[in-house]
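The values are calculated or read from the model by the stated rules, or taken from the named source; none is laboratory data. Since the structure is predicted, the reported quantities are computational estimates derived from the model, not experimental observations. Here Cβ is always computed from backbone atoms with ideal geometry, including for glycine, and neighbour counts include all displayed protein chains.
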Amino acid sequence: MTIDVKVPTLGESVTEATVATWFKKPGDAVATDEMLCELETDKVTVEVPSPATGTLGEIVAAEGETVGVDALLATISEGAGAPASDEAPAAVAEPGSSDDAPAEASGDAGGDAVDVMVPALGESVTEATVATWFKAAGDAVAQDEMLCELETDKVSVEVPAPAAGTLGEIVAKEGETVAAGGKLAVIQAGAGGAPASAPKAAEAPAGVGGDSGGPKGDVEDAPSAKKLMAEKGLSSGDVKGSGRDGRVMKEDVLRAAAATAPAPAAPAQAPRAPVSADQADREERVKMTRLRQTIAKRLKDSQNTAAMLTTYNEVDMGAVMDLRSEYKDLFQKKHGVKLGFMSFFTKACVHALNEVPEVNAEIDGTDVVYHRYVNMGIAAGTPQGLVVPVIRDADAMSFAEIEKAIAEKGAAARDGKLSMADMQGGTFTISNGGVYGSLMSSPILNPPQSGILGMHKIQDRPMVVGGEIVIRPMMYLALSYDHRIVDGKGAVTFLVRVKEALEDPRRLLMDL
């Protein structure tokens, strides 16, 4: 039986790739999920695994050729991989090998060696960095116990133990980059699993809780936080958790350690003396996380690529505040969620996007893609960095549905539980700097989107209303837009429509 090897999905808005390298040649035996070739796009490198075990037949797309999504790369004759059995003894003879056919190596070792593999990292994410190992080679591990933490350019991924036993060789050390589906370590299943609790208790420093998470009952602290508490000599009770249900996160430990650190002694001699050792004691060099590196790159790319311009307006929030105050109790009682300002802004933006569709569009090569739906990105600051979870089809949602979706995405963002799918496909973004006290700012576009609305602090200011000076709760609004497809008239019109809808929310009901 012949099986086709085709180009996989390459990611959002990516339609073609170049065949960079073939790792196999026609006639070679291949195993299921063994890497056959590597494709390069303008954004990522994609490895193509074998869909079956057999023999590689014809290579249709040679190195250097450009191929589209779902195009035929090669063929495999299923079940004809006879040489695979000849390779099995070599795999058994090298239990520490991590290069070739790890699946056979673990299977032929009597079934007691289990590989720890890199889990699925999400669409268009092909690699990650090993951030922290929570276990060392030789440690006893329980099934589903967290072994290590990986960092991608968007999310952190914790890797659990696939079986109980003893952690053997660690193939990918901290700081190394690993591919999706790559091998991280080996567990000798069933070996030393029983005394797992004893070594753990013996090794844990005094005051550092185990999986119980200290005084929080059954709420388990983040593994990276527990490791850092051990390094800093802190107990779970010394740290106030900011995660869900009081879960202690890595950033909580860093804050607690900084708060308890003794103040540096004042120098007795001239402080201007260029003593490098003293400078080293007062400085800390930390490698940027992949998330922070990606944030920096994407924001700079946005400035370099888009013709970005910002227009401003201000809105009297009195009507929204009065409406919210009048109905918030009834709203929460009926829908089980609080009525906030974000649902009003989301509805107002949807209303304005319908009138000015180019703000809800994007450039794809020489084409302009107009979206007939609104996937609203809600920018959120987290201890790990800025993330933008997406509320899909926000234009079809009620106020209550929007508030529930925002609450769920916000909680997932704070706890580091957002998936790749949660942050893809946005067509427009709202950023609320007002929660941090920002009075005015120019938000940066979230590519490939063409518009982002910046909300700011509500502040009482003197305004002239009906010829009289009155105090009104005012907010500055900022719309940053891509001037390549959005003209100044469209941008100003969009912001005016948002202002009108918020100052008279009845317009939203009547679609005016």
With the requirement that a residue be among the acidic types (D, E) and within 30 Å of A380 (Cα to Cα), what does the stretch 146-171 give you?
E149, E151, D153, E158
Is at least one residue of the stretch 70-80 in a loop (DSSP other than H, G, I, E, B), modelled with pLDDT under 85 and under 15 Å from T32 (Cα atoms)?
yes
Determine which single condition L477 fails, assuming it passes every other condition in (1) surrounded by fewer than 18 Cβ atoms within 10 Å (Cβ to Cβ); (2) touching a Lys or Arg at 6+ places or on another chain (Cβ under 8 Å); (3) outside any helix (DSSP H, G or I).
(1)
Members of the stretch 489-512 that are surrounded by fewer than 20 Cβ atoms within 10 Å (Cβ to Cβ) and closer than 18 Å to E314 by Cβ
V492, T493, V496, K499, E500, E503, D504, P505, R507
Restricting attention to the stretch 302-313, and to residues there that are of a type in the set (A, V, I, L, M) and surrounded by 13 or more Cβ atoms within 10 Å (Cβ to Cβ), which single residue is modelled with the lowest pLDDT?
A306
Return the residues of the stretch 357-378 that are small (G, A, S) and out of contact with any helix residue (DSSP H, G or I) (no Cβ under 9 Å at 6 or more places or on another chain); say none if nothing qualifies.
A361, G365
Pick from the stretch 144-174 the residues that are part of a loop (DSSP other than H, G, I, E, B) and farther than 14 Å from D115 by Cα: which of them is modelled with the highest pLDDT?
K173
Counting only residues that are among the aromatic types (F, W, Y) and out of contact with any helix residue (DSSP H, G or I) (no Cβ under 6 Å at 6 or more places or on another chain), which one in the stretch 314-356 is surrounded by the most Cβ atoms within 10 Å (Cβ to Cβ)?
F345
Counting only residues in the stretch 408-467 that are on the phi > 0 side of the Ramachandran plot and touching a residue at least 40 places away in the same chain (Cβ under 8 Å), the one surrounded by the fewest Cβ atoms within 10 Å (Cβ to Cβ) is identified as G425
Among residues of the stretch 481-512 being over 30 Å from L299 (Cα atoms) and outside any helix (DSSP H, G or I), the residue modelled with the lowest pLDDT is L512
Just checking, how many residues over the stretch 365-392 are under 24 Å from the mean Cα position of the chain (by Cα) and either polar (S, T, N, Q) or part of a strand (DSSP E or B) (or both)?
13
Assess whether G340 counts as being in the same structural domain as V435 (by TED's automatic domain parsing), at positive phi and not aromatic (F, W, Y).
no
Residue count for the stretch 262-301, restricted to those that are part of a loop (DSSP other than H, G, I, E, B), exposed (fewer than 10 other Cβ atoms within 10 Å of the Cβ) and at pLDDT below 65:
12
Considering the stretch 454-469, residues that are hydrophobic (A, V, I, L, M, F, W, C) and closer than 22 Å to M440 by Cα, and then whichever is nearest to the chain's Cα centre (by Cα), we arrive at M455
